[in-house]
Amino acid sequence: MNLQNIITEYPDFPKKGILFRDISPILKNPSAMSHCIDEFAKRYHTNDVDVFAGIESRGFPIACALALRYNKGMIMIRKQGKLPGATVKRSYSIEYGKATMEIQKNAINKDQRVVICDDLLATGGTAKAAAELIERLDGQVTGFAFMVELTELGGIKKISKYRTESLVRY
């Protein structure tokens with residue numbers, strides 16, 4: 001299946017000069033979504049992961065689908081102020097400014113193996129911050145699962161010490 005034919009491109013979103021690649025058409029297409037989960041399942045063995053972490057918000061459906069496929073749990077890495085209870089926070093730079101993410105302190109157990117899921121790898125700031133949150137909770141990042149990687153932005157360099165799987169590269 002050619003996922004590039006399904007992904008929609010929006011020029012000048014969220015600001016002028018940015019070409020936004022939207023995976024929403026994949027999420028609403030059961031065949032395309034199933035294809036993506038099948039592809040990730042070929043790349044990560046069930047013994048590689050104890051829990052899937054979804055980065056808000058487009059990483060959530062990917063992590064959920066993989067968690068169901070693998071019969072594992074799913075946790076959320078969210079924007080600041082969206083999670084109840086005690087959290088760990090991490091501020092970082094993104095393509096269009098600054099952001100802060102957080103994870104609940106009790107989200108994972110020590111040494112749990114975590115695959116972090118998101119729709120897109122661009123400059124790598126969000127992915128790196130997510131990995132740092134997992135590691136601050138003494139979890140082990142065993143890899144990343146991205147639907148799209150924007151290779152020209154070089155985000156892979158920020159997370160080069162981790163295994164990274166991307167289904168589409170631009």
Problem - Residue selected from the stretch 76-92 under the condition surrounded by 14 or more Cβ atoms within 10 Å (Cβ to Cβ) and of a type in the set (Ser, Thr, Tyr), by the criterion modelled with the highest pLDDT - result: Thr87
Problem - In the stretch 27-54, the residues that are closer than 26 Å to Lys82 by Cα and either among the hydrophobic types (A, V, I, L, M, F, W, C) or open to solvent by less than 70 Å² (accessible area, probe 1.4 Å) (or both) - result: Leu27, Val49, Asp50, Val51, Phe52, Ala53, Gly54
Practice task
Mind listing whichever residues of the stretch 93-125 are within 24 Å of Glu152 (Cα to Cα), touching a strand residue (DSSP E or B) at 6+ places or on another chain (Cβ under 6 Å) and of a type outside the set (A, V, I, L, M)?
Solution key: Cys117, Asp118, Asp119, Gly125
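Here's the yes/no breakdown for (1) more than 17 Å from the chain's Cα centre (by Cα); (2) touching a residue at least 24 places away in the same chain (Cβ under 8 Å):
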{"residue": "Pro11", "(1), (2)": "yes, no"}
{"residue": "Lys16", "(1), (2)": "yes, no"}
{"residue": "Arg21", "(1), (2)": "no, yes"}
{"residue": "Leu27", "(1), (2)": "no, yes"}
{"residue": "Glu39", "(1), (2)": "no, yes"}
{"residue": "Arg43", "(1), (2)": "no, yes"}
{"residue": "Thr46", "(1), (2)": "yes, yes"}
{"residue": "Asp50", "(1), (2)": "no, yes"}
{"residue": "Ala53", "(1), (2)": "no, yes"}
Problem - Flag if Gly155 is at pLDDT 95 or above and surrounded by 18 or more Cβ atoms within 10 Å (Cβ to Cβ) - result: yes
Completion exercise
Among residues of the stretch 100-114 being open to solvent by 40 Å² or more (accessible area, probe 1.4 Å) and part of a strand (DSSP E or B), the residue nearest to Asn71 (Cα to Cα) is Arg113
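For every residue, the table says whether it meets (1) without any contact (Cβ under 8 Å) to a residue 12 or more places away in the chain; (2) surrounded by fewer than 22 Cβ atoms within 10 Å (Cβ to Cβ); (3) touching a Phe, Trp or Tyr at 6+ places or on another chain (Cβ under 7 Å).
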residue: Gly59; (1), (2), (3): no, no, no
residue: Leu68; (1), (2), (3): yes, yes, no
residue: Met74; (1), (2), (3): no, yes, yes
residue: Lys98; (1), (2), (3): yes, yes, no
residue: Ile116; (1), (2), (3): no, no, yes
residue: Leu150; (1), (2), (3): no, yes, yes
residue: Tyr170; (1), (2), (3): no, yes, no
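Might you let me know whether the stretch 20-34 holds any residue that is β-branched (Val, Ile, Thr), out of contact with any Gly (no Cβ under 8 Å at 6 or more places or on another chain) and under 30 Å from Asn109 (Cβ atoms)? Before you say what the answer is, go through the steps one by one.
Start the filter on the stretch 20-34 by keeping residues that are β-branched (Val, Ile, Thr), which leaves 23, 26.
Within this subset, residues satisfying the condition of being out of contact with any Gly (no Cβ under 8 Å at 6 or more places or on another chain) are 23, 26.
Next cut, under 30 Å from Asn109 (Cβ atoms) only: none.
Scanning the stretch 20-34, I find no residue that is β-branched (Val, Ile, Thr), out of contact with any Gly (no Cβ under 8 Å at 6 or more places or on another chain) and under 30 Å from Asn109 (Cβ atoms), so the answer is no.
The values are calculated or read from the model by the stated rules, or taken from the named source; none is laboratory data. Given the structure is predicted, the values throughout are model-derived calculations rather than measurements. Don't worry about glycine lacking a Cβ; one is built from the backbone with ideal geometry, like all the others, and counts go over all protein chains shown. Calculation scope for accessible area: heavy atoms of the full protein, side chains included, ligands and nucleic acids excluded. Shrake-Rupley method; radii C 1.70, N 1.55, O 1.52, S 1.80 Å.
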